[in-house]
Amino acid sequence: MHGEIEMEHLFTIGSEEHLIWLARRRNVFQLSHRGSETPVSLEQCSENICRLNTGEASDVIALAVRGDTFYVHLNGETHELIYRNVISRFETKSARTADDVVRAPMPGTVVHLPVHPGDPVTAGDAVVVIESMKLEMVLRAPRTGTIKSLSMAAGDKFERDTILASLEPLVES
Amino acid sequence: MSTDARTPLSFRSVLIANRGEIAVRIIRTLRKLGLEACIAHHAIDKNTPAVAMADRAVEIEAASPVAAYLDAAQIVRAAGTIGAEAIHPGYGFLSENASFARAVVNAGLTFVGPPAETIALMGDKIRARALAAASEIPVAPSAIEDDDPAGFVERVRALGAPILVKPAAGGGGKGMRIVRDLSLLDDEIQRARSEALRYFGDGRLFAERYIENPRHIEVQILADAYGNTVHLFERECSLQRRFQKVVEESPSPSLTKEQRSNICAAAVGIAKVSGYCNAGTVEFVCSDNEFFFLEMNTRLQVEHAVTEMITGLDLVSEQLRIASGQALGYGQTDIRTTGHAIEARIYAEDASRDFLPTTGPILALQVPKGAGIRVDIGVAQGQTITAAFDPMLAKLIAHGPDRTDALEALRAALAGFVLLGCKTNCAFLRRLLDDADVRRGHMHTGLIAESPSLLREPKVSDDTARKLLAAAALSCREVRDAAEAIPAMHAEMNAWRN
């Protein structure tokens, strides 16, 4: 489950969100988008001009990248796409979900897990101890609650923004 | 009719007191005529094409970039330092500043434009209007309350509906009332007066005939110092946003042959009575059956290129020859036009956000080419578009045998204009050219404001989205890394899962 979430990527085109994943099979990239899968490839022709192949279609496009923004000129029109990781989308869905999880502030390794699923915690309690850039760091509970799950074991490596621990959601009273 | 390569001009070196596309365009003509091109520029423009193309460049300084281009004394000094003998002001900035024109002449240099007195006359809208009226050139019927306060209401009534009543001290559309039913005139005048008092602390009013769905039509004039005045026909500039033109064309699709000849004659008339000399443009506001003098612009217009495309004349070359004291050397009947030309202005702005100016680096730039396509552009790849200046980046001009061909060529040219890194109005311009009323030539200055659907960006289709996402995903480090990290077997399983 966890692996699948990591594979998916969120892009926005204008105000619309698009969730995709890209896989490499027998040296061909496959793009999965809205339930359909398409073999895709990109060949650079000159500095900013590329040939884009998507399934049977082939288009000459202009392409430029700046940070997380992708500028694509296709069929006479320029479009802007912004790459956002999958996690940031969940953040914007509900303000409260941010309080339900403990996220990795940077890439690193899990050193120690002082709590177990089902344990009650108070805001500020140590939940995960990590090592990153040769420094040990304690990640603390964002609020008082109960540990729902821990996604990693001691020794596991993780990327920035990975959810390391989750709290049981608060019940509306 | 070729007017180039004749008698040498009275100056060999010309300083351009401007920037961007118009500076590039002026340099092109200076090259053609074998003149030295000098440019005065603010440091922010150091890496722009105009500065790179110029034979000599001199830096001007000020608290802000715009202030540098408005510093008349410094620019005249710069011309002296660099050894230029004439100054071309382009459009905007100091181009219609009478004291600048005077300072240039007083420094012993040639000003490429009309005499300072003409600039001052036409810059005074009330004097210009009075001059036009005295010369029997139609001006919108109007009534100024101050002229005879007791008879004001009756004078307004005599204008005939619809009438626009506005505060004499006003501006920005505040306190303006349109009266379409004359039986309501007394009430509307009272309301306008109380609003004028509230907004401006001055209840005096001014009224003029209001034109419903007005069109903006202007006439290009050339006049030499020997009393020869010709027109180069009209340009229709009715497609405007925020009172600024976005698309201009010639000939106008909305004038009859008779209207065209009347409006051009009126323009020549106002140029003659004002003793005009050099290139100028007389602007009119038009309804279906009337036209009224609006103002005269005493400079080269942004949209002069459409006139060049249909007449084959180089207006900058004509300006330089006239400023140099040469006679036109041709008369009205020598001026012939071929086909139709349309220009679209490319702005760094977001049409979907009410034309908010945009900024950003130009990561990639590709301009369309082809027969009948002209691109006047002042920016280059690698340059960053800032908010320091007007957001116009380029003009695309298409010339074709008729309007339909020219529109189609312009549409294709817009599709081939690639500027990545800073949002432009290109997609909006294509939607505008596809508008049914625009295609039929039924335009008025409120068309864009009344068509909010033109501003909205349509949703991309699933097919387009998939292509865009493929391009972005394949050039996104994180996505590629993730794809490489998935073991082949895992990827196979995912494929089966669906």
Inset, instruction - With r as the distance between the Cβ atoms of A:ARG143 and B:THR384 and R0 = 51 Å, compute the FRET efficiency 1/(1 + (r/R0)^6) and round to 0.05. - result: 0.70
Inset, instruction - Report the calculated FRET efficiency for A:ALA154 and A:ASP99 (r = Cβ-Cβ distance, R0 = 30 Å), to the nearest 0.05. - result: 0.75
Legend entry - Exercise: per-residue mean of other protein chain Cβ atoms within 10 Å, A:35-43: 3
Legend entry - Sites B:ARG180 and B:LYS257 - FRET efficiency at Förster radius 41 Å, r taken between beta-carbons, to 0.05: 0.85
Legend entry - 10 Å Cβ neighbours from other chains, averaged over peptide A:12-25: 6
Inset, instruction - When a/c is below 1.5 the answer is rounded, else prolate if a/b is larger than b/c, else oblate, so apply that to the range B:357-485 with a ≥ b ≥ c taken from the square roots of the Cα gyration tensor eigenvalues. - result: prolate
Inset, instruction - Search the structure for amide H atoms under 5 Å from the amide H of A:ASP125, placed 1.01 Å from N in the peptide plane, and list their residues when 5 or more places away or on another chain. - result: A:ALA141
Inset, instruction - With a point put 7 Å past each Cα toward its Cβ, work out how far B:ALA327 is from A:GLU37 in nm, to one decimal. - result: 8.3
Inset, instruction - Tell me which residues come under 5 Å, amide H to amide H, from B:ASP350 once H is placed; ignore anything under 5 positions away on its chain. - result: B:PHE355, B:LEU356, B:THR358
Inset, instruction - Express in whole angstrom the spacing between the alpha-carbon centres of the range B:373-408 and the range B:190-261. - result: 24
Inset, instruction - Run through the DSSP bridge list for the protein assembly as shown and note the antiparallel percent, rounded to the nearest 5. - result: 90
Legend entry - Cα-based shape type of the range B:260-369, given that a ≥ b ≥ c are square roots of the gyration tensor eigenvalues and the cut on a/c is 1.5: prolate
Legend entry - ³J(HN,Hα) computed for each position of the range B:8-13 - Karplus, 6.51 cos²θ - 1.76 cosθ + 1.60, integer Hz, glycine/proline x: x, 7, 7, 9, 10, 9
Legend entry - Accessible heavy-atom area order of B:ASP435, B:ASP376, highest first, probe of 1.4 Å: B:ASP435, B:ASP376
Inset, instruction - Find the centroid of the Cα atoms in the range B:136-153 and in the range A:132-169, then give the distance between the two in whole Å. - result: 79
Legend entry - Relative contact order (%) - criterion: Cα under 8 Å, at least six apart; region: chain B: 14
Legend entry - Amide H within-cut-off set for A:ARG25, under 5 Å, with H built and near neighbours excluded: A:GLN30
Legend entry - Shape of chain B, Cα gyration tensor, a/c cut at 1.5: oblate
Inset, instruction - Count neighbours as other Cβ atoms within 10 Å of each site's Cβ, and list the trypsin sites (Lys or Arg not before Pro) in the range B:1-66 that are DSSP loop with at most 13 such neighbours. - result: B:ARG6, B:LYS46
Legend entry - In order through the range B:246-257: 3J(HN,Hα) via Karplus (6.51 cos²θ - 1.76 cosθ + 1.60), integer Hz, x for Gly, Pro: 10, 9, 10, 8, 8, x, 5, x, 10, 9, 7, 4
Legend entry - Considering only chain B, percent of DSSP beta bridges that pair antiparallel, nearest 5: 80
Legend entry - Stretch gain in nm, segment B:ALA158-B:THR7, where the contour uses 0.36 nm per residue and the Cα spacing is subtracted: 48.8 nm
Inset, instruction - Quickly work out the B:ASP202-to-A:ASN75 label distance, labels modelled 7 Å from Cα along the C-beta direction, and quote it in nm with one decimal. - result: 5.6
Legend entry - Projected area averaged over orientations for the protein assembly as shown, convex hull of C-alpha atoms, nm²: 40.1
Inset, instruction - Rounded to whole Hz and in sequence order, give me ³J(HN,Hα) for the range B:186-196 from the Karplus expression 6.51 cos²θ - 1.76 cosθ + 1.60, θ = phi - 60°, writing x for Gly and Pro. - result: 4, 4, 5, 5, 4, 5, 4, 5, 5, 5, 4
Legend entry - Partner aspartates and glutamates for B:LYS174 [C-alpha distance under 17 Å; skip if fewer than 8 residues away on the same chain]: B:GLU188, B:GLU195, B:ASP202, B:GLU208
Inset, instruction - Compute the signed sum of charges (Lys and Arg +1, Asp and Glu -1) over the other residues within less than 11 Å, Cβ to Cβ, of B:ALA23. - result: 0
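The values are calculated or read from the model by the stated rules, or taken from the named source; none is laboratory data. Keep in mind that this is a model prediction, so the values were computed, not measured. So basically every Cβ, Gly included, is an ideal-geometry build from the backbone, and we count neighbours across all protein chains shown. Accessible surface areas use protein heavy atoms only, side chains included; no ligands, DNA or RNA. Shrake-Rupley method; radii C 1.70, N 1.55, O 1.52, S 1.80 Å.
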